[in-house]
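Q: Structure below; questions to follow.
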Amino acid sequence: MTTFEIATPSDAAALTRVQTLTFDHDSRQHGRGEFGGPPGYNDEAWQIKVMQHWHYYKIVVDGAIVGGLIVSAMGGDHYELIRIYIDPAYQNQGIGAQAIAFIEKEYPQAKRWTLDTPLWALRNHHFYEKHGYVKIGEMPIDDGAFTLVLYEKRIA
């Protein structure tokens, strides 16, 4: 059974472990190096700091933390999915789809969702588009060394 629960500082080590495993796996899989992920992905202190500022949920399957998701209220009816990650051993089991359904149910006031994902992460693009997100642009970062694809979903 999959549940989504508010993360607490006592979860930080497990969330850091899963996040590091997930993003390093993606980095290797896409030929981007042995290690790599978004800011703070491998830093336990960062996890705790995020818990104090945004809505951080742990994804739990049969009592084990297998992922996480971070949501930020941007103002009005705009919310941003800051990060979603699932242990590679638990991917392709519908957990990501459950996570999207969870946040949309948890935040019924949200009429606009935004997120970003790396240009090279084509699997992510397919996932978000499958769940109603539309590409609205690209944003180069690190002086153009890296590009993020920007997505949006409008809910009537």
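We did not get these values from a lab; they are worked out from the coordinates using the rules stated. Remember, predicted model here, so these are calculated numbers, not experimental data. Ideal geometry is used to build each Cβ from the backbone, glycine not excepted, and the neighbour counts take in all protein chains shown.
Q: If residue 110 passes every condition in (1) within 23 Å of residue 25 (Cβ to Cβ); (2) of a type in the set (A, V, I, L, M, F, W, C); (3) more than 16 Å from the chain's Cα centre (by Cα) but one, which one does it miss?
A: (1)
Q: Moving on to the next point. Can you pull out every residue in region 112-129 that is in a strand (DSSP E or B) and not aliphatic (A, V, I, L, M)? So that I can check it myself, show each step before the final result.
A: Pass one, region 112-129, residues in a strand (DSSP E or B): 112-118.
Matches in region 112-129: 112, 113, 114, 116, 117, 118.
Q: Scan region 61-69 and give yes if some residue there is touching an Asp or Glu at 6+ places or on another chain (Cβ under 6 Å), under 23 Å from residue 156 (Cβ atoms) and either of a type outside the set (Lys, Arg) or touching a residue at least 12 places away in the same chain (Cβ under 8 Å) (or both), otherwise no.
A: No: region 61-69 contains no residue that is touching an Asp or Glu at 6+ places or on another chain (Cβ under 6 Å), under 23 Å from residue 156 (Cβ atoms) and either of a type outside the set (Lys, Arg) or touching a residue at least 12 places away in the same chain (Cβ under 8 Å) (or both).
Q: Would you please list the contacts, defined by Cβ atoms under 8 Å and residues six or more apart or on different chains, that run from a residue in region 87-111 that is in contact (Cβ under 8 Å) with a residue 40 or more places away in the chain and part of a loop (DSSP other than H, G, I, E, B) to a residue that is surrounded by 13 or more Cβ atoms within 10 Å (Cβ to Cβ) and among the polar types (S, T, N, Q)?
A: 87/22
Q: If you don't mind, another one. Just give me the residues in region 65-81 being out of contact with any helix residue (DSSP H, G or I) (no Cβ under 7 Å at 6 or more places or on another chain) and either assigned to a strand (DSSP E or B) or surrounded by 18 or more Cβ atoms within 10 Å (Cβ to Cβ) (or both), in sequence order.
A: Matches in region 65-81: 72, 73, 74, 75, 78, 79, 80.
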